[in-house]
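Q: Right, I'll just put the structure down here and ask away after.
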Amino acid sequence: MAVALNAVPFISVEGMMKLVLRQGLPAFLVDLARCIEADFARWPSFDKTPRLASHSVDGVIELMPASDGELYGFKYVNGHPSNARTGRQTVTAFGVLADVRSGYPVLLSEMTLLTALRTAAMSALAARHLAGPDARGMAIIGNGAQAEFQAVAFRSLLGIEHVRLHDIDPAATEKCARNLRRLGFSLVTCETAEAAVEGADIITTVTADKQFATILTDNMVGPGVHINAVGGDCPGKTELHRDILLRSDIFVEYAPQTRIEGEIQQLDADHPVTELWQVINGNAPGRTDRAQITLFDSVGFAIEDFAALRHVRGLIGEAPFDPPLDLLADPDDPRDLFGMLMRAEARL
C-alpha cells in the first residue's frame, strides 16, 4: 500500500464493519480463523511475552505485543465490567501493526469489533481441534457482547446450529436470542446454567464479572464435553469449579500467561497443560477418545491479535474505506524536526 511517509493506513469502526459485511460475517470468521491457525503453526518464530496489565478496582488496561521479526504488533485493550451501567462497552481496543525494519506503523485499527471477531474465531478454531467430531449443540453461558459472535463462529467452522442460552440478566439473553433468531439458529433460552448445559456437546462460558465465580460446577459437566472457557482472563477472575479442571485435559494459548490469568490459576504451577499450537502442528494430541473432557482455557494472546491485524491489512489492500492518518512527522530533512516546526508557524 503506497502512502506518504507521514500517513498511516487507518481502519475506523465504520470501516471495520464495512470490511466484514462486504465479505460476509461467516466467511470473515472462517478466513480469520485460518490466519490465526497459520500463525499458531509458526509459533516458535514469534517473540512472545505475557501481556502487560494495569489493574484497578474498576477493571484492567492491558498492552499485548508480539512480533515475528518482520512485523511488530500490539493491542491496547481494557476490561471494565461496570461500564455497561453508564452506556459504555466493557471491552474496547485498538491496535497497531509496524514494519520491524523501519519501526514505522503500517496499520492503525479499531479493535473493539475485531477483538470480538478474533475471540470467536479462536474459540471455534480450538473446538475444531478439541471437540468431539459429532458435536452439534452448544451452550453459551453469558449472553453479553461476545455471545453472538461465538455462535456464528461455531456454526461457520463446526456446523453448530443448536444453541442453548443463559445469562443472569434475562434482558441479555433476550437480546442474544433476538439477534441469533434472525440468523436462523435453533435456540433454547434457559433460566439456569444447569438447564443450559443439558445435552450440550460444547459449553462456552463468557461472563464479564471480575471475581472468582463458579459458573460451572463439577456435576454439570459430563463425559465427552468440550468446554470453551473465555470469561476468566485476569488474576482473581475465574468461571469453573476447580474439580472440573482436575477431570479435564487442559489446552491453553501461552502457558506463562494463562497460569496467571486463566482458570488454571486455581491449580498448582506445574499442573500439566498443552499449548494449542502443539496440537495444530501435530506435536501433541488433542482429543483422544469420545469420553474425554477437553478444556480450552482461553485468555486471549497477542499472536491472535497480530494475526487479526495482519489479516485485515491484507483485506484492505489498495482500497481502504478510511483516509490515512497524518500521524508521523515527515520533515524535508529527516534531521531537521525543529525546522519543520518553525516553517509551520507561517501557515498555521
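Q: Please list, short to long, the whole-number percent of alpha-carbon pairs of the chain in consecutive 10 angstrom bins beginning at zero.
A: Answer for the chain: a P(r) of 5, 25, 33, 23, 9, 4, 2, 0 percent.
Q: Taking H as built 1.01 Å from N, whose amide H comes closer than 5 Å to the amide H of Phe10, not counting residues under 5 places away?
A: Leu108, Leu325
Q: Here's another thing I want to ask about it. In what sequence, highest mean first, do 136-146, 257-267, 91-101 appear when ranked by Cβ atoms within 10 angstrom?
A: 136-146, 257-267, 91-101
Q: Which ³J(HN,Hα) values, rounded to whole Hz and listed in residue order, are derived for the range 61-75 from phi using the Karplus coefficients 6.51, -1.76 and 1.60 in 6.51 cos²θ - 1.76 cosθ + 1.60 with θ = phi - 60°, glycine and proline given as x?
A: 10, 9, 10, 10, x, 7, 8, 9, x, 9, 10, 10, x, 8, 10
Q: I need the semi-axes of the equivalent ellipsoid of the range 260-348: take the C-alpha gyration tensor, multiply each eigenvalue by 5, square-root it, list largest first in whole angstrom.
A: 50, 19, 12
Q: Follow-up. Rounded to the nearest 5, what % of DSSP beta bridges with both residues in the chain are antiparallel?
A: Taking every DSSP beta bridge with both residues in the chain, the antiparallel ones total about 45 percent.
Q: Shifting gears a bit: In the range 201-218, which residues have a backbone nitrogen under 17 Å from the label point lying 7 Å from Arg247's Cα in the Cα-to-Cβ direction?
A: Answer for the range 201-218: 201-205, 214-218.
Q: Work out from phi, with θ = phi - 60° and the Karplus expression 6.51 cos²θ - 1.76 cosθ + 1.60, the ³J(HN,Hα) of each residue of the range 140-148, listed in order in whole Hz, and give x for Gly and Pro.
A: 10, 9, x, 10, x, 5, 8, 4, 5
Q: Separation between the Asp31 and Thr217 pseudo-spin-labels, each 7 Å from Cα along Cα→Cβ, expressed in nm?
A: That separation, rounded to one decimal, is 4.7 nm.
Q: May I ask which residue of Gly137, Ala208, Ile250 lies farthest towards the positive end of the charge dipole of the range 124-300, with charges of +1 (Lys, Arg) and -1 (Asp, Glu) on Cβ and the Cα centre as origin?
A: Positive-most Cα among the choices belongs to Gly137.
Q: Name the long-range amide H neighbours of Thr92: under 5 Å, sequence gap of 5 or more, or other chain; modelled H, no Pro or chain starts.
A: Asn78
Q: Would you calculate a helix-derived [θ] at 222 nm for the chain, using -39,500 (n - 2.57) for each DSSP H run of n ≥ 4 and dividing by the full residue count, to the nearest 500?
A: Taking each H run of at least 4 residues, the total per residue is -10000 deg cm²/dmol.
Q: Can you compute the FRET efficiency between Phe321 and Asn179 using 1/(1 + (r/R0)^6), with r the Cβ-Cβ distance and R0 = 35 Å? Round to the nearest 0.05.
A: 0.90
Q: Relative to the Cα centre, what is the charge dipole magnitude of the chain, using +1 at the beta carbon of each Lys and Arg, -1 at the beta carbon of each Asp and Glu, and rounding to the nearest 20 debye?
A: Result for the chain is approximately 640 debye, rounded to the nearest 20.
Q: Regarding the range 124-300, what's the average projected area of the Cα-atom convex hull, expressed in nm²? Provide the component values of the computation, followed by the final result.
A: Details: hull surface 36.1 nm².
Averaged projected hull area, Cα only: 9.0 nm².
Q: For the range 291-308, just list the computed ³J(HN,Hα) in residue order, Karplus coefficients 6.51, -1.76 and 1.60, θ = phi - 60°, integers in Hz, with x standing in for Gly and Pro.
A: 8, 5, 9, 10, 10, 9, 8, 8, 10, x, 9, 4, 5, 5, 5, 4, 4, 5
Q: To continue, here is another question. How charged is the neighbourhood of Gly142? Take every other residue with its Cβ under 10 Å from the Cβ of Gly142, and add Lys/Arg as +1 and Asp/Glu as -1.
A: That sum, taken over residues with Cβ under 10 Å, equals -4.
Q: Using the Cα centre of the range 124-300 as the reference point, and only Cβ charges (+1 on K/R, -1 on D/E), how large is the resulting charge dipole? Debye, rounded to the nearest 20.
A: Here the size comes out at about 580 debye.
Q: Treating the beta-carbon of each Lys and Arg as +1 and of each Asp and Glu as -1, no other charges, what is the dipole magnitude of the range 1-155 about its Cα centre, to the nearest 20 debye?
A: In debye, rounded to 20, the range 1-155 gives about 260.
Q: In terms of modelled amide H atoms, which long-range or inter-chain residues lie less than 5 Å from the amide H of Thr189?
A: It is Leu165, by chain and number.
Computed from the coordinates by the stated procedures, all read-outs in this text should not be read as laboratory data. Predicted model, so just to flag it, every value in this text is computed and none were measured. Here Cβ is always computed from backbone atoms with ideal geometry, including for glycine, and neighbour counts include all displayed protein chains.
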